Structures are given as structure tokens and as C-alpha cells.
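The values are calculated or read from the model by the stated rules, or taken from the named source; none is laboratory data. None of the values given here were measured: they were computed from a predicted structure. As a convention, Cβ positions derive from the backbone with ideal geometry for all residues, glycine included, and neighbour counts pool all protein chains shown. Quick note on the areas: whole protein, heavy atoms, side chains included, nothing else; ligands and nucleic acids left out. Shrake-Rupley method; radii C 1.70, N 1.55, O 1.52, S 1.80 Å.
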Amino acid sequence: MRWDIFCRVIDNFGDIGVCWRLAKQLQAEHGCQIRLWVDDLQSFQRICAQVQPQLARQTLTQGIEVWHWTDEVNALLHQAGCAQVVIEAFACDLPELYVQQMAAAATKPVWLNLEYLSAEGWVLDCHALPSPHPQLPLQKHFFFPGFVEGTGGLLREHNLVETMTTWLQQGGKARLLNELGIEQPQRYQRLIFLFAYSHLELMSLLSAWGQESIPQLCLVPEGALANELRTLFPQLEHHRSLTLGRLSLQLLPFINQQQFDQLLWCADVNFVRGEDSLVRALWAGKPFVWQLYRQAEDAHLEKLTAFWQHFVQGMPAALQQALWQFWLHWNQQEDVVFPWQQLLALLPEWQMHCLGWRSELCKQGDLAKNLVRFVEKKFILTPNFS
């Protein structure tokens, strides 16, 4: 079956990051023919160097077609026709002509709105619910990724954990850090990967890290936080590295998805933000801190609390308290030095809990597989479209 995935790049690289991972997995593991419609090919190129932003349509080496979704897309749509499965990622609203093509198809496509990830309880009630089109003979289903059975699950490639374990055992960490220009990476006793939104208390946290008793390396990828660091430390405009006591701070050039995942595998503690990096941090099985995009009236804290209630199942009480205090302070832009010191004393227990939670998540079906199963069930009850 041909699948069309429509993506508008709105929130940094999270939207296209999720869609690109999903497209690759559907093609590689389930044999789906994928067309990926993207409105911002410049951003897409940042995470996939093969993309040529000037082309209206192209086929990448993975066999996935990429079509440029612009305001003048009608000519392309006439060439393309509609697919048997249509994914509208994050309620991005399909082109009207494409919806008309779907309505005119002899066998109506399976139309899915792939929603944002959430741990809130209402997701279980809304997952896979149908929504009839108000004028056309079409029906859209809402598909919610999630952390528990009864949701769409999480993106996870086949043998991901085994791939990570083998890569680390074969010296992948040292090779990657050398490729990224880290000199003598073995001299650091703790590696922190800091992928976050800007933060009012960033300087105090860095100072606290610099006063610890062991040498540490903090890696910061390009983005808003790296720009904030350049403002705090003007020397970073010309040099990507800086020493603050026992802490070595290093800015990284923009990295692709594979390198991003590998850095999460390497780190002792991962700071992540948004949806895509949270899921990849979960599969890394390392201690992590999740920062949500800040919303008015602290609405983001409801999402954090909902995830927290799942994540802490089976966690020792002392670790629960210390970790919640740090996560809460980090997401409210409050001082995190004392909460960090409390949490650091429980690092081994934190590590064990993350590994255990990953094992439980791996028992659930992954998002791509759940999508394929849902689509197959829908087509069982319809005539063959071939």
C-alpha cells in the first residue's frame, strides 16, 4: 500500500523529526511505499542531508519519496493522486484538492490524524475514535501515541536496544566523541547531554557542575540554548569549548538524527525537550530530565504531571521526591542547584529505574506496527483496491 504522510514544520525540528522516523520505519520494516509531503525542506535538510530543498519532488536513498508541500501544490497533487493510507501529522490540515481526491476514490483511504504524544488520561478514551467529515463521504480517525496499552504506543525501530548495546560495546562512544572534536573524552567521569529551551537558572546550574569533585563534560547542540550560552560567554562565538572549574562545556555543530540518538546513548544524564527527544531518551535507558515548552498559566505542568504518574511506578520514595523537585524547578525556570545535589546522590537508583521502565515499554507494540495493524483491520472490511 502507498502511504502519504503530510507534515508542517512548526516547532523547531520535532514535527519533521517524528514524521521522518515514522516514514523510515514504515518503509524499512513494513514494506510501505511512502510519500512524505513537507512544507519546509530547509529544516528537513538539517536532519537529513540528502534532501535537496530546491526540488519539488525527490526520492531519497531509503526509497522514500519527498514532495514539497507549498501553497501552489495543486499541480503536484494532480500528478500524485491520493494514497490508500493518509496520515495528517499533528492536525496539519490536508490540501482541499487532496481531500476531494480522497472523497472521489472508489475505495476510500484510511485517513489518520497522528496526534501529539501525551500521557493524560483522556487519551485512552479518544484513541482511534472516528470523526466523519461534515460534507464528504470520508472518516478520519485520531491516533494517539502513548505510554500504555490502549494507545498507539511509541516510535521504536526493530532491535533498537540491541543495536545500541552492540554499538556501545564496539567502542561507538569514543569514535563519536572524537568525530565531534572532543579531545581525550576518556578523561571525563560524567557526560551530560544538554538539549533544552533557554533557562533563567542556567548559569547557576553550570556553576554547580563546575564545583563538583569529578571532571565532567557537558555537550550542547546548536539551538536556542547554545545561543544563550554565547550571550553568557562571548568567547563561545569564536571557540566552541569553555572550561568552568571541573566542567568542560562544548557546543556541537548541528547533528543528524543518528548522531543525536547516539549521544543520548553515550551520556550519563540526558536533558531533553519536546516529544521526539523524550522518546529517544526513554530508549537510551539513561537518567533524563524532560523540559516541556512553557505554556500560559503553567498548562505544561499538567502534561508533566501526567507523564510523571506513569514514570514513577515502582520508583523508591526518596528518588521520587528528589527527581520531582528537580523536574518541577527546571520546568518552572526556578533555581535547581539544591534539587540537583539531592538528585545526584541517587544517580545509581535513577539509572536502574530508567532501565526498568524501558524494559516495560518494550513489551508494548511500537507506533509504526500499531498503525499498520490498524490500517490492515480497516481494509479487511473493504473491497480490494488493487
Note: SER207 to HIS239 extended length (0.36 nm per residue) minus current alpha-carbon separation gives 9.6 nm
Longest the chain segment clear of trypsin sites (Lys or Arg not before Pro) sitting in DSSP loops (not H, G, I, E or B) with at most 14 other Cβ atoms within 10 Å runs 1-293
Whole-percent carbon and sulfur contribution to the accessible surface of the stretch 251-386 (1.4 Å, no ligands, DNA or RNA) stands at 53
Expressed as a percent, the accessible surface of the stretch 94-194 that is carbon or sulfur, using a 1.4 Å probe and the full set of protein chains, is 52
In units of 2.2 N^0.38 Å, the Cα radius of gyration of the stretch 300-365 is 1.16
Of all DSSP beta bridges with both partners in the chain, the antiparallel percent, nearest 5, is 20
Quick calc, the chain, dipole around Cα centre from Cβ unit charges on Lys, Arg (+) and Asp, Glu (-), nearest 20 debye, gives 980
Rounded to whole angstrom, the alpha-carbon centroid of the stretch 250-269 lies from that of the stretch 87-153 at a distance of 33
Tilt, helix 14-30 to longest principal axis of the chain (alpha-carbon atoms), in degrees rounded to tens, equals 60
accessible surface per residue for the stretch 250-327, probe 1.4 Å, DNA/RNA/ligands not counted, whole Å² -> 36
Taking every DSSP bridge whose two residues both lie in the stretch 241-349, the antiparallel percent to the nearest 5 is 50
Taking 0.36 nm per residue of separation between GLN320 and THR107 and subtracting their Cα-Cα distance, the length gained on full extension comes to 71.5 nm
Candidates ASP268, ASP93, ASP276; GNM for the chain (alpha-carbon contacts under 10 Å) flags as most fluctuating ASP93
Expected max-MSF residue from TRP330, TRP167, TRP111 in the GNM of the chain (alpha carbon, under 10 Å) is TRP167
A correct Stokes-Einstein calculation for the stretch 124-191, using the alpha-carbon Kirkwood radius, 4 °C and 1.567 mPa s, returns a whole-number D in µm² s⁻¹ of 79
With no solvent term and unit scatterers on the alpha-carbon positions of the stretch 56-177, Debye gives log₁₀ I(q)/I(0) at q = 0.15, 0.17, 0.23 Å⁻¹ of -0.89, -1.01, -1.28
So the compactness index of the chain, its C-alpha Rg divided by 2.2 N^0.38 Å, takes the value 1.04
